[in-house]
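The values are calculated or read from the model by the stated rules, or taken from the named source; none is laboratory data. Here the structure is a predicted model, which means the values were calculated and not measured. Backbone-built Cβ (ideal geometry, glycine too); neighbour counts: all protein chains shown.
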Ligand code: SAH
């Protein structure tokens, strides 16, 4: 499908205002349009019945609010939903909706595929297909919310976002920051940056840049190895920005933390590879040496046939956690969500198998 039309889902009110001025419309029409797109989460101009029919037709001629199509939808036994979407140029995009008792978390993708080649991650096998636009990022969240609550309904307060789907968000920096600004608008989705966490494999210059942004999201760093030797092997990005540089950037980032805010290191637990007590001591020493007051999330590896790793045992994860605790490092074990539908960390690779339910969904839903 070709796409020459402007995708308005990623446009802040100011851009909509410019567009409607070109159309010779008054500014309040832009506010109505923004409300329809972001607060009501409508993806078809025709549904925006508070706009005159002629304007709706003109918008549909020049622009679009729906560039992603839902290819399939997988529902896990734990309630997690994985939405496999397609861009207008037929690339896969995955979004995961994780219901929790008090709030929902939406895990979105910043790129189609990923170019980073982390050895334990299935997304890496796709290679980088393309970086997503701001509109494609916002539209993922809109589709996930509509799938859960229906279009036109109020966006539930307290929805959390994590940029932990496919791709390296720090290499989609401009799209991501624009999307976050649009989503934070209180007359739209009103998901403030304080509810957003961006995870990076360690793009050092962008960590530094993020620290300078006043309304910035929280940061998580995927560490997964305490030495350059091992990290070079598991996460080749380490050859470009080795641990000393990464730790120095984290140390600087710390200065931008708000009271009570901590940043997180993520550590994928790979059986017999990075999960010994010695590795735990090395992790603790690395963080303590840099006097970093971070917490560590231990993520048991989510396996896939084509990945040459197995998850660490529960006992091993607990022992690892105890070694960290003894050295003053707070660690949490992340419960895998949606493993059965290939929705868990590192499993997003546009898989069409293992569907528990594969329901068709309307394009504008
Ligand atoms: N590229 C960014 C964003 C992806 S977040 C990053 O690397 O941080 C995805 C998280 O899942 C990362 O912390 C990554 O280390 C982790 N991960 C990747 N493959 C995994 C797997 N097979 N099992 C468990 N976690 C995995």
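So which residues in segment 254-266 are more than 14 Å from residue 211 (Cα to Cα) and in a loop (DSSP other than H, G, I, E, B)? Talk me through it step by step, then tell me what you get.
Here is the first cut: in segment 254-266, the ones more than 14 Å from residue 211 (Cα to Cα) are 259-260, 264-266.
Those that are more than 14 Å from residue 211 (Cα to Cα) and in a loop (DSSP other than H, G, I, E, B): 259, 260.
Go through segment 291-307 and give me each residue that's in a loop (DSSP other than H, G, I, E, B) and either within 11 Å of the ligand (Cβ to nearest atom) or at pLDDT 95 or above (or both).
Answer for segment 291-307, where residues must be in a loop (DSSP other than H, G, I, E, B) and either within 11 Å of the ligand (Cβ to nearest atom) or at pLDDT 95 or above (or both): 301, 302, 303, 304, 306, 307.
Take segment 148-176 and flag every residue that is more than 23 Å from residue 346 (Cα to Cα) and either at pLDDT 95 or above or buried (at least 24 other Cβ atoms within 10 Å of the Cβ) (or both).
Result: 174, single match.
Quick one: in segment 254-266, of everything that is farther than 16 Å from residue 288 by Cβ and free of Cβ contacts under 8 Å to residues at least 40 places away in the same chain, which residue is farthest from the ligand (Cβ to nearest atom)?
Here the residue is 259.
Scan segment 54-94 for residues that are without any contact (Cβ under 8 Å) to a residue 60 or more places away in the chain, in a strand (DSSP E or B) and under 14 Å from residue 8 (Cβ atoms) and jot them down.
Once the filter is applied, which keeps residues that are without any contact (Cβ under 8 Å) to a residue 60 or more places away in the chain, in a strand (DSSP E or B) and under 14 Å from residue 8 (Cβ atoms), segment 54-94 yields only 63.
Here's the yes/no breakdown for (1) away from the ligand (no atom under 16 Å from the Cβ); (2) under 23 Å from residue 125 (Cβ atoms); (3) outside any strand (DSSP E or B):
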position: 231; (1), (2), (3): no, yes, yes
position: 245; (1), (2), (3): yes, no, yes
position: 252; (1), (2), (3): yes, no, yes
position: 268; (1), (2), (3): no, yes, no
position: 284; (1), (2), (3): yes, no, yes
position: 316; (1), (2), (3): no, no, yes
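Output the residues belonging to segment 3-30 that are touching a residue at least 40 places away in the same chain (Cβ under 8 Å), over 21 Å from residue 156 (Cα atoms) and either out of contact with any strand residue (DSSP E or B) (no Cβ under 8 Å at 6 or more places or on another chain) or part of a loop (DSSP other than H, G, I, E, B) (or both).
3, 5, 11, 13
Of everything in segment 322-343, what is free of Cβ contacts under 8 Å to residues at least 24 places away in the same chain and within 16 Å of the ligand (Cβ to nearest atom)? Give them in sequence order.
335
Looking at the structure I just gave you, is residue 349 in contact with a helix residue (DSSP H, G or I) (Cβ under 6 Å, 6 or more places away or on another chain) and part of a helix (DSSP H, G or I)?
Criteria not met by residue 349.
Do we find that residue 226 is within 15 Å of the ligand (Cβ to nearest atom) and in a loop (DSSP other than H, G, I, E, B) in this structure?
Working: within 15 Å of the ligand (Cβ to nearest atom): yes; in a loop (DSSP other than H, G, I, E, B): yes.
Taking the combined requirement at face value, the residue satisfies it.
Could you please find all residues in segment 243-263 being buried (at least 16 other Cβ atoms within 10 Å of the Cβ) and over 22 Å from the mean Cα position of the chain (by Cα)?
Of segment 243-263, the ones buried (at least 16 other Cβ atoms within 10 Å of the Cβ) are 243, 246-247, 249-250, 253-254, 256, 263.
Correct list: 243, 247.
Determine the pairs where a residue that is in contact (Cβ under 8 Å) with a residue 12 or more places away in the chain and under 17 Å from residue 257 (Cα atoms), located within segment 191-202, has a partner that is in a strand (DSSP E or B) and more than 16 Å from the ligand (Cβ to nearest atom) with Cβ atoms under 6 Å apart, the partner being 6 or more residues away or on another chain.
none
For residue 213, only one of the following conditions fails: (1) part of a helix (DSSP H, G or I); (2) more than 16 Å from the ligand (Cβ to nearest atom). What is its number?
Evaluating residue 213 over (1) part of a helix (DSSP H, G or I); (2) more than 16 Å from the ligand (Cβ to nearest atom) leaves (1) as the failure.
How many of the residues making up segment 26-39 are surrounded by fewer than 19 Cβ atoms within 10 Å (Cβ to Cβ) and out of contact with any helix residue (DSSP H, G or I) (no Cβ under 6 Å at 6 or more places or on another chain)?
Counting residues in segment 26-39 that are surrounded by fewer than 19 Cβ atoms within 10 Å (Cβ to Cβ) and out of contact with any helix residue (DSSP H, G or I) (no Cβ under 6 Å at 6 or more places or on another chain) gives 6.
Out of all the residues in segment 79-116, which are surrounded by fewer than 17 Cβ atoms within 10 Å (Cβ to Cβ) and modelled with pLDDT under 95?
79, 99, 100, 101, 102, 103
Report, ordered by the first and then the second residue, all pairs with beta carbons closer than 7 Å, sequence separation of six or more or different chains, a first member in segment 305-318 that is in contact (Cβ under 8 Å) with a residue 24 or more places away in the chain and farther than 16 Å from residue 267 by Cβ, and a second member that is assigned to a helix (DSSP H, G or I) and within 12 Å of the ligand (Cβ to nearest atom).
Here the result reads 306/125, each pair linking segment 305-318 to a residue that is assigned to a helix (DSSP H, G or I) and within 12 Å of the ligand (Cβ to nearest atom).
Does segment 43-74 hold any residues that are in contact with a helix residue (DSSP H, G or I) (Cβ under 9 Å, 6 or more places away or on another chain) and at pLDDT below 95, and which are they?
Residues satisfying the conditions are 73, 74.
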